[in-house]
1. Given a Förster distance of 41 Å, report the FRET efficiency between Glu41 and Val61 from their Cβ-Cβ distance, rounded to the nearest 0.05.
2. Under a point spin-label approximation (7 Å from Cα along Cα-to-Cβ), what is the Glu19-Arg112 distance to one decimal in nm?
3. Extending each Cα 7 Å along its Cβ direction at His52 and Arg79, get the distance between those two points in nm, one decimal.
4. List residues of the stretch 38-52, by number, whose backbone nitrogen lies under 14 Å from a label position 7 Å along Cα→C-beta of Arg26.
Amino acid sequence: MQRSLSWVEWFDRLNRVLEAARADVRALARSGSPGLPASIELCRRQLIALIHDLRFLDRGVLPERPGFGSTDRADDLQRALDTAVFQLASMANAGAATPAAAREPLLVAIDRALGESAYQAAELLSPSKRRA
């Protein structure tokens, strides 16, 4: 039971971080507020911590689907999170002084990567589909 609870807590943290990051990206796209890059950096650091914790969670408690092992789907989630972290770092490296026209493709890429991470998390949690 404790192992499953660890996953529940981890997914809850992941969901909160992904939602906050996507809200920050959308706000940055609308306003270009100078304080938002700092919040994006915070989200990047939180995602790095979640990726680190993901390595220690017991993947044996995850539901499996025929043709897909739970480990494969956990690896897919980790790759999606790694991509999101990379995209967030690209935004941080671009800096707040980046013109809006150059910043927009970065923000779209970040939003897409965060969305893919959320999708992979949902896929990982989906129950097994058995054929009758």
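1. Result of the calculation: an efficiency of 0.80.
2. 2.6
3. Result for the modelled spin labels: 2.5 nm.
4. none
Since every read-out is calculated from the coordinates, none of them should be taken as a lab result. None of these values were measured; they are calculated from a predicted model. All Cβ positions, glycine included, derive from the backbone under ideal geometry; neighbour counts span all protein chains shown.
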